[in-house]
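The values are calculated or read from the model by the stated rules, or taken from the named source; none is laboratory data. Keep in mind that what you see is a predicted model, and the values were worked out from it rather than measured. So basically every Cβ, Gly included, is an ideal-geometry build from the backbone, and we count neighbours across all protein chains shown. All accessible areas refer to the heavy atoms of the entire protein, side chains included, with ligands and DNA or RNA removed. Shrake-Rupley method; radii C 1.70, N 1.55, O 1.52, S 1.80 Å.
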Amino acid sequence: MGRVFHTSDWHLGRQIGRHRRDTEFDAVLDEIIEIAADFAPDVIVHSGDLFDGPRPGLDDMRRAAQALRRLEAIAPTVVVAGNHDTANVLTFLQFILSDMGNREANQVQVRFATDARPGGLLMAEYPAAAGELTLRVGALPYLHPNRFAYDFADPAMTTAAYARRMRAVQADVYHRLAAGRSARDVLVFAAHLFVEGAMPSHSERRFSVEADYAVATADLPAVDYGALGHIHKPQPVDRAGFPAHYAGSPLQLDFGETRDVKSVVLAEIAPGHAPRIELAPLDSGRRLVRLEGTLEEIAQRAGRVGDAWVKAVVNVDAPTLSLAETIAKMLPEATVVAIEERCPESAGRLLDREVTVKDLPGIEDLLRDYLPGRGITGLALDRAMETFAQLRAEPDLEDPAPCCEETLLTAVLAGEQEVGR
């Protein structure tokens with residue numbers, strides 16, 4: 001029985017608004033590594049989106065390097081490039097993990113799959129500790145539709161539908177993976193892609209989870225386990241006879257994932273048998289909570305929120321001053337990252353030509369309501385409002401007030417015009 005530990009979509013560097021989540025990432029990576037150590041896998045697969053963006057910060061690079069170094073101490077590790085990753089960044093990370101080039105390639109237990117071209121596909125073999133099995137891993141990084149024009153020589157590959165092009169690529173992965181296969185070989189397909197029928201969490205890049213960029217389930221290779229990444233909601237792939245899972249993201253990354261229970265996948269695999277799959281839940285990280293309703297309804301739910309990231313959608317009858325401060329007082333342990341005020345009356349009034357300027361909130365009132373939502377409260381809020389009042393009281397440089405001489409000249413000219421009449 002071969003053992004595969006499957007994690008995915010870390011998105012290191014992801015923020016909520018202007019808030020970084022370094023403490024949460026550190027905690028969940030510790031949890032992932034502890035589960036991996038207890039499971040004692042033969043191979044660890046990270047199926048893509050190690051980082052949240054193509055230019056990760058130094059702290060996120062350090063965090064990734066340290067986590068991968070701890071994982072490679074447990075078992076050989078394969079990292080597949082996702083659509084948020086870049087080959088150059090992962091190549092540099094490989095250089096760091098090799099102790100700045102001081103370790104030979106065969107001594108480094110972490111391998112990165114960054115090339116989807118037939119000659120560059122990552123194929124690796126790992127012996128299973130509990131028997132004579134060999135785990136063969138074929139890795140397919142995320143393949144953007146544009147890459148077919150640059151990376152593949154066949155002109156037909158540049159004009160065919162995305163699903164058809166991916167069918168050919170996956171068939172090539174399987175052909176190479178199964179070549180010379182023995183009865184004791186376990187085939188693992190590790191890929192970052194969107195399979196038709198998968199349920200996104202609405203936090204992935206929208207274009208990459210549209211139907212036009214879906215891979216047909218019928219075209220997935222006939223392997224013993226598919227370690228998939230790209231979809232943040234943990235779930236199996238709905239195809240009979242194809243044992244594959246999306247491991248999902250380790251944290252709730254935005255308010256499209258508030259109901260997701262995060263996990264890693266523990267797979268025990270033997271040739272010719274259905275794998276034994278266990279989802280090990282991840283408990284680290286703050287919850288993301290979306291509160292919607294009137295102020296009274298939100299107040300009733302506020303006591304159950306606790307320490308969480310919160311987005312509040314407030315239904316009001318009229319524009320409400322100091323709404324952010326009111327919400328913040330209801331949720332003393334939470335971090336309110338967004339407040340959306342829904343006011344049908346104000347929407348109608350803005351379209352009403354009879355509404356005068358004096359019927360609308362003043363700019364000071366709007367600013368005093370806005371700043372607490374950006375973390376500016378108490379004495380800092382008073383100072384900000386005082387500074388704003390001073391700025392408004394200063395002369396307008398574009399329309400400076402006339403000096404005394406200009407005033408006198410204007411009066412004289414006005415008098416001469418009166419005499420001339």
> Looking at (1) assigned to a loop (DSSP other than H, G, I, E, B); (2) in contact with a helix residue (DSSP H, G or I) (Cβ under 8 Å, 6 or more places away or on another chain); (3) acidic (D, E), which is the only condition D26 fails?
Replying inline: (1)
> Of (1) open to solvent by less than 30 Å² (accessible area, probe 1.4 Å); (2) modelled with pLDDT of 75 or more; (3) over 20 Å from V45 (Cβ atoms), A218 satisfies all except one. Which?
Replying inline: (1)
>> Tally up the residues in the range 228-244 that are open to solvent by less than 30 Å² (accessible area, probe 1.4 Å) and part of a strand (DSSP E or B), please.
In response: 4
> Taking the range 36-89 as the region of interest, how many residues are assigned to a helix (DSSP H, G or I) and among the β-branched types (V, I, T)?
Replying inline: 1
> Of the residues that make up the range 302-319, is at least one in contact with a helix residue (DSSP H, G or I) (Cβ under 8 Å, 6 or more places away or on another chain), surrounded by fewer than 20 Cβ atoms within 10 Å (Cβ to Cβ) and in contact (Cβ under 8 Å) with a residue 40 or more places away in the chain?
Replying inline: yes
> A347 fails exactly one of the following numbered conditions: (1) within 30 Å of D254 (Cβ to Cβ); (2) modelled with pLDDT of 55 or more. What is the number of that condition?
Replying inline: (2)
> Among Y174, Y225, which is the only one that is buried (at least 23 other Cβ atoms within 10 Å of the Cβ) and at pLDDT 90 or above?
Replying inline: Y225
